[in-house]
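Novice: I am attaching a structure below and will ask some questions about it afterwards.
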Amino acid sequence: MSGNTIGRLFCVTTFGESHGPALGAVVDGCPPGLALVEQDIQADLELRRTGTSRHTSQRQEPDRVRILSGVFEGRTTGTAIGLLVENTDARSRDYDRIKDRFRPGHADYAYQQKYGFRDHRGGGRSSARITVATVAAGAIARKYLREKLGLEVAGWLSQAGPHRLDCVDLASARGNPFFCADPSKVPMLEEYLWQLRREGDSIGAKVSVRATRVPPGLGEPMFDRLDADIAYAMMGINAAKAVEIGDGVAVAAQRGSEHRDELTPSGFAANHSGGTLGGISSGQDLIVHVSFKPTSSIQVPGRTVDVAGQAAEIVTTGRHDPCVGLRAVPIVEAMLLIVLMDHFLRHRGQCADVVSPTPDITR
């Protein structure tokens, strides 16, 4: 009922708040025998960690993960894997001046109305800080799917405000603080983000992610469609406002003769559908785009109300991202990995013995 769990066979439950003592996840359903050590998970956590560049929140968290259970002598046992990451650099005092006021566009007001009170320290459960646990769980799925299927998931920043960013060199996205896959645009982004900081404002963004070597057949025709579960997972990320698969909203302007992905003996001629057909993976690359709103914690004065419903003005101070999309790439990757892992195990359980008479033209 409380909405802290995702997945059926690969089941991830997260816990913790932005300024609580720790964050964590319980990962249930990981098959036994997977070689797993903390460093396998740490590599992904480093990608989303704050304070690693001048363009993200300067909260200095080491984000060192501990495996508490489910692993023995370096291998998963098949039982629940407990993961824990301690918070060490929370500065709750930064929020004292706004604890009785609601940030416009933030979850503050909705939380107050739902629960009757709220954790004002960094937003509590509504903070993007909680995605540490999601990324840790996704790292386990990444390792299993890579070793079992050769499946790879990689994302990049495809838009920051008005600036659209092409995927010129996907490997280069890991080499700059913006996860930009077009190296020529990095200097422009640096100046753009500095200007936003100077103005005390923020901007929205779009993150794109690609999964390769996805086997055909994952997903179901109706309510457990692969694309539907991907959309559900992505909308569970803080600040996410829209999800697109393949050509996404552009399909509204396409003709059928343009959109259809024609088949040839050597593969599909295009991938407008983004790797799913009828809710089931086609074996093509899975292409997903997630749009994020600009963060509401800004230094531009704005109108609001206090807890008594009286008019007030608000300015948010502290350590915040001018563009949440800059650190969303590993989070989007993790969510896609968790969904793919769950659907692979579900497909294995129902259709492991199925042999199609039609060859897989995507391989």
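Novice: For the range 31-45, enumerate the residues that are surrounded by 17 or more Cβ atoms within 10 Å (Cβ to Cβ), farther than 15 Å from residue 68 by Cα and out of contact with any Phe, Trp or Tyr (no Cβ under 6 Å at 6 or more places or on another chain).
Specialist: 44, 45
Novice: Filtering the range 225-258 down to residues that are more than 19 Å from residue 343 (Cβ to Cβ), among the small types (Gly, Ala, Ser) and touching a His at 6+ places or on another chain (Cβ under 9 Å), which residue is surrounded by the fewest Cβ atoms within 10 Å (Cβ to Cβ)?
Specialist: Looking at residues that are more than 19 Å from residue 343 (Cβ to Cβ), among the small types (Gly, Ala, Ser) and touching a His at 6+ places or on another chain (Cβ under 9 Å), I get 250.
Novice: Among the residues of the range 295-317, write down those that are surrounded by 10 or more Cβ atoms within 10 Å (Cβ to Cβ) and among the hydrophobic types (A, V, I, L, M, F, W, C).
Specialist: 298, 300, 305, 307, 312, 314, 315 - these are the residues of the range 295-317 that are surrounded by 10 or more Cβ atoms within 10 Å (Cβ to Cβ) and among the hydrophobic types (A, V, I, L, M, F, W, C).
Novice: Can you pull out every residue in the range 240-263 that is in contact (Cβ under 8 Å) with a residue 12 or more places away in the chain, under 30 Å from residue 127 (Cα atoms) and of a type in the set (A, V, I, L, M, F, W, C)?
Specialist: 240, 242, 243, 245
Novice: Just to be sure before I move on: is residue 334 surrounded by 15 or more Cβ atoms within 10 Å (Cβ to Cβ), over 16 Å from residue 108 (Cα atoms), in contact with an Asp or Glu (Cβ under 8 Å, 6 or more places away or on another chain) and touching a residue at least 24 places away in the same chain (Cβ under 8 Å) in the structure I sent? Reasoning before the result, please.
Specialist: Numbers: surrounded by 15 or more Cβ atoms within 10 Å (Cβ to Cβ): yes; over 16 Å from residue 108 (Cα atoms): yes; in contact with an Asp or Glu (Cβ under 8 Å, 6 or more places away or on another chain): yes; touching a residue at least 24 places away in the same chain (Cβ under 8 Å): yes.
Yes.
Novice: Right, next: Which of the residues that make up the range 190-223 are of a type in the set (D, E, K, R) and under 22 Å from residue 355 (Cα atoms)?
Specialist: Hits for the range 190-223 are 213, 220.
Novice: Residue 157: of a type in the set (A, V, I, L, M, F, W, C), more than 22 Å from the chain's Cα centre (by Cα) and either in a helix (DSSP H, G or I) or modelled with pLDDT of 95 or more (or both), yes or no?
Specialist: Against the criterion (of a type in the set (A, V, I, L, M, F, W, C), more than 22 Å from the chain's Cα centre (by Cα) and either in a helix (DSSP H, G or I) or modelled with pLDDT of 95 or more (or both)), residue 157 does not qualify.
Novice: Just one of 291, 257, 273 is under 24 Å from residue 155 (Cα atoms), modelled with pLDDT of 95 or more and not in a loop (DSSP other than H, G, I, E, B); which is it?
Specialist: Values: 257 fails: under 24 Å from residue 155 (Cα atoms); 273 fails: not in a loop (DSSP other than H, G, I, E, B).
Every option except 291 fails the conditions.
Novice: Also, quick follow-up: All but one of (1) surrounded by 19 or more Cβ atoms within 10 Å (Cβ to Cβ); (2) closer than 30 Å to residue 88 by Cβ hold for residue 198, so report the exception by its number.
Specialist: Failing condition for residue 198: (1).
Novice: Here's a follow-up. Taking residue 211, is it buried (at least 20 other Cβ atoms within 10 Å of the Cβ), aliphatic (A, V, I, L, M) and either at pLDDT 95 or above or touching a His at 6+ places or on another chain (Cβ under 9 Å) (or both)?
Specialist: yes
Novice: Still on this structure, I have one more. Return the residue satisfying two criteria in turn: it lies in the range 160-190 and is among the charged types (D, E, K, R) and at pLDDT 95 or above, and of such residues it is farthest from residue 334 (Cα to Cα).
Specialist: Once the filter is applied, the top-ranked residue is 185.
Novice: Which members of the range 8-48 meet the condition of being part of a loop (DSSP other than H, G, I, E, B) and modelled with pLDDT of 95 or more? Walk me through it before giving the result.
Specialist: Initially, the range 8-48 is screened for residues part of a loop (DSSP other than H, G, I, E, B), giving 8-10, 17-21, 29-34, 36-37.
Residues satisfying the conditions are 8, 9, 10, 29, 30, 31, 32, 33, 34, 36, 37.
Novice: Collect the residues in the range 102-129 that are touching a helix residue (DSSP H, G or I) at 6+ places or on another chain (Cβ under 9 Å) and either at positive phi or in a helix (DSSP H, G or I) (or both), keeping them in residue-number order.
Specialist: Hits for the range 102-129 are 108, 110, 111, 122, 123, 124, 125, 126, 128.
Novice: Another question, then. Could you tell me which numbered condition residue 222 fails, if it satisfies all but one of (1) over 21 Å from residue 132 (Cα atoms); (2) modelled with pLDDT under 95; (3) surrounded by 14 or more Cβ atoms within 10 Å (Cβ to Cβ)?
Specialist: With respect to (1) over 21 Å from residue 132 (Cα atoms); (2) modelled with pLDDT under 95; (3) surrounded by 14 or more Cβ atoms within 10 Å (Cβ to Cβ), residue 222 is out only on (3).
The values are calculated or read from the model by the stated rules, or taken from the named source; none is laboratory data. Values in this document were obtained by computation on a predicted structure and should not be read as measured data. Glycine also receives a Cβ, built like all others from the backbone with ideal geometry; neighbour counts cover every protein chain displayed.
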